[in-house]
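Encoded as structure tokens, here's the structure I'll be asking about.
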Amino acid sequence: MEAHPRVLVVGQPFERTSGGGITLCNLFEGWPRDRLAAAVVSDRDLAFDVCDRYYALGASEITWAWPLSLVRRTETPASKATVARPSPGQTPASAARAQPGFVKRAFRRGLDALGAEDALRSMHLSDRLRDWIVEFKPDLVYSQLSDLPTMTLVSEILDATGLSFALHVMDDWPSSMYRRGAFSRIVRGRADRALASLLRRAGARMAISDAMAYEYQARYGRQFLSFHNPVDLDRWDALAAASDVTLVHSANEDLRLVYTGRVGTGNVDTLFDVAQVVSEMSSQGRHISLQVNTPNADSDAAIRLMACRGVTVTLAGDYSRVPGLMAAADVLLLPLDFDEQSVRLMRLSMPTKVSEYLASGKPVLTYAPRGSAVAEYARDGGWSLLVDRPDPASLRQALSSLVGDPEGREAMGAAGRALAIQRHDATKVRAAFAAQLAEAASGPVPAAGRAES
């Protein structure tokens, strides 16, 4: 087997707007393009610089049972065996599709509340997709999975091809999926059995953090290795040095606090806690600001944040501007909500931005639950000030401490940069990742099992 096996990625697209997509791009960057293909659930914002052979999963693979078929049938796009690279300035067709009306949205919310959608939605291997796979001749299937339909599709691909399989888990969806609604127990039982089957036949099992790898090994009795988002440090430094990013709040400030990334489930409450403390401190004459740079800048949560004094929300632009944005900050913010649902999903996760924060050489304020992978990594690494309980008074104390200790901030930033070099350098991580996939592709294929739809 060559150093880079022919890999078929199923489910998560190569893109730079989500944590899973960014991690996927950074792990596979530099992979020979003719040895990489992806069957993806969305053809929006695809990264053609990493992979240029895409199959857009659609009506040939995705089916809806009644009554969901009444509102979904016309919304499911046609499958596409060839996805063309968009021309500069061109809006992808998938981005331009009309949004569903009020009645359809209300009906779908009702199904979601019942936990019924994935009881009625499924994905299966179509003849068209099978032919596309056969033409590519992969050595290995890689997937981040995350829901029952994707597990069903991956299982059918493995059954049809006899290929090896590599699983990579981004967050603890096995513990958090299908927990609400009247149908949730039925769907969760199917998903648990599907996951058990895929774990048995996986030649490589990977987790996004050391904490997840340790717990999954104990939970499932199978070895997991940790692969997090790698950073090309030379490119990161060059982009930061060449950046013309200027923070909106930049004059006469004691502290410029910056958050980059998604605003939504899992971090919106902690972001608002920080925003309120910044607002109170600003009202009392402290020159402190928070800038939130996010693709969700027009969301209700973002509008709520903007109502706080000293807080600015900007729309995330090209991913290449992120190093410059971080370089312009005094402190970077890493929030994780404390509610039960968020903790269940994110406790073992390591957000994509963590390695990027470390690479920036900037100190970090981590506001996350005690025992979470993020909090414990911050506690042990010396690169962050940690607040591990939902307490605005502790937040205020932490921010005051950061304002008054520029030497301490510099030391935290240096510790983070050293850790980025040691553990997150793309050259090292990509080589280890490629070796893991090559080993899985060349090893014996475990006995087949079938996921239930």
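Could you identify the single residue in Asp337, Asp300 that is surrounded by 21 or more Cβ atoms within 10 Å (Cβ to Cβ) and either modelled with pLDDT under 95 or among the acidic types (Asp, Glu) (or both)?
From the options Asp337, Asp300, the qualifying one is Asp337.
Going through Val374, Val403 one at a time, which residue ends up being of a type in the set (A, V, I, L, M), outside the structural domain of Met123 (by TED's automatic domain parsing), buried (at least 16 other Cβ atoms within 10 Å of the Cβ) and in contact with an Asp or Glu (Cβ under 8 Å, 6 or more places away or on another chain)?
Val403
Among the helices (runs of 4 or more DSSP H) lying completely within region 129-205, list those that include at least 3 residues that are at pLDDT below 95 and of a type in the set (Lys, Arg).
Answer list for region 129-205: 184-201.
A further question on this structure: Looking at region 359-374, which of its residues are in contact (Cβ under 8 Å) with a residue 24 or more places away in the chain and more than 20 Å from Val258 (Cβ to Cβ)?
Passing the criteria: Pro369, Gly371, Ser372, Ala373.
Out of Leu385, Leu399, Leu325, Leu358, I need the residue that is touching a strand residue (DSSP E or B) at 6+ places or on another chain (Cβ under 9 Å), outside any helix (DSSP H, G or I) and of a type outside the set (S, T, N, Q). Which one? Quick ask: steps written out before the conclusion?
Working: Leu399 fails: outside any helix (DSSP H, G or I); Leu325 fails: outside any helix (DSSP H, G or I); Leu358 fails: outside any helix (DSSP H, G or I).
When all the criteria are applied, what remains is Leu385.
If you scan region 157-188, which residues turn out to be surrounded by fewer than 15 Cβ atoms within 10 Å (Cβ to Cβ), at positive phi and in contact with a Lys or Arg (Cβ under 6 Å, 6 or more places away or on another chain)?
Result: no residue meets the conditions.
Taking the conditions exactly as written (over 26 Å from Ser442 (Cβ atoms), crowded, with 20+ Cβ neighbours inside 10 Å and charged (D, E, K, R)), does Asp192 satisfy them or not?
It is false that Asp192 is over 26 Å from Ser442 (Cβ atoms), crowded, with 20+ Cβ neighbours inside 10 Å and charged (D, E, K, R).
On to the next question. Taking region 27-46, which residues are modelled with pLDDT of 95 or more and assigned to a loop (DSSP other than H, G, I, E, B)?
Glu29, Gly30, Trp31, Pro32
The values are calculated or read from the model by the stated rules, or taken from the named source; none is laboratory data. Predicted, not measured: the structure shown is a model, and the values here were computed from it. Note: ideal-geometry Cβ built from the backbone for every residue, glycine included; neighbour counts use all protein chains shown.
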